[in-house]
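A short write-up of the structure that comes next.
The values are calculated or read from the model by the stated rules, or taken from the named source; none is laboratory data. Given the structure is predicted, the values throughout are model-derived calculations rather than measurements. Here Cβ is always computed from backbone atoms with ideal geometry, including for glycine, and neighbour counts include all displayed protein chains.
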Amino acid sequence: MGAQEFRGKDYNLIRKNCNDFSNAFCKRLCGKGIPKDINNLVKIIAQYPWLEKQIPKEFITPKTLENNVKEREKKDKQTLNKQNSDNKDINNNNQ
């Protein structure tokens, strides 16, 4: 269980929520996870996409988090574009 496994940008009410974190934390701390029935409802919902669509999107991924994710994706894309541009310049100079 590391910082990379439970990033805020990955939070999702159905697929990766606080119960998933609590379960991983308890397994690491005590060697035993939380009772399985605690997270059963969201696992059932995840099996039926039409049911998941009934839940408002801002409940699934909070708006603030969604905006942060979009900003992070934009920055990552800019960084990647810059790296690609720099690599092209290096390759052109080496030829």
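What do you reckon, is residue 26 surrounded by 12 or more Cβ atoms within 10 Å (Cβ to Cβ) and out of contact with any Cys (no Cβ under 8 Å at 6 or more places or on another chain)? Answer is yes for this residue.
Can you work out which of the residues in the stretch 42-61 that are hydrophobic (A, V, I, L, M, F, W, C) and within 24 Å of residue 9 (Cβ to Cβ) is surrounded by the most Cβ atoms within 10 Å (Cβ to Cβ)? Ranking the qualifying residues of the stretch 42-61, first place goes to 42.
Identify, please: which residue in the stretch 16-56 is among the aliphatic types (A, V, I, L, M) and assigned to a loop (DSSP other than H, G, I, E, B) and is, among those, modelled with the lowest pLDDT? For the stretch 16-56, the residue satisfying everything is 55. Of the numbered criteria (1) free of Cβ contacts under 8 Å to residues at least 12 places away in the same chain; (2) over 27 Å from residue 69 (Cα atoms), the one residue 34 fails is (1).
Here the condition is being among the basic types (Lys, Arg) and in contact with a helix residue (DSSP H, G or I) (Cβ under 7 Å, 6 or more places away or on another chain); of 16, 43, 74, it holds for 16 alone. Among the residues making up the stretch 1-15, those that are farther than 16 Å from residue 44 by Cβ and either at pLDDT 75 or above or in a loop (DSSP other than H, G, I, E, B) (or both) are 1, 2, 3, 4, 5, 6, 7, 10, 11.
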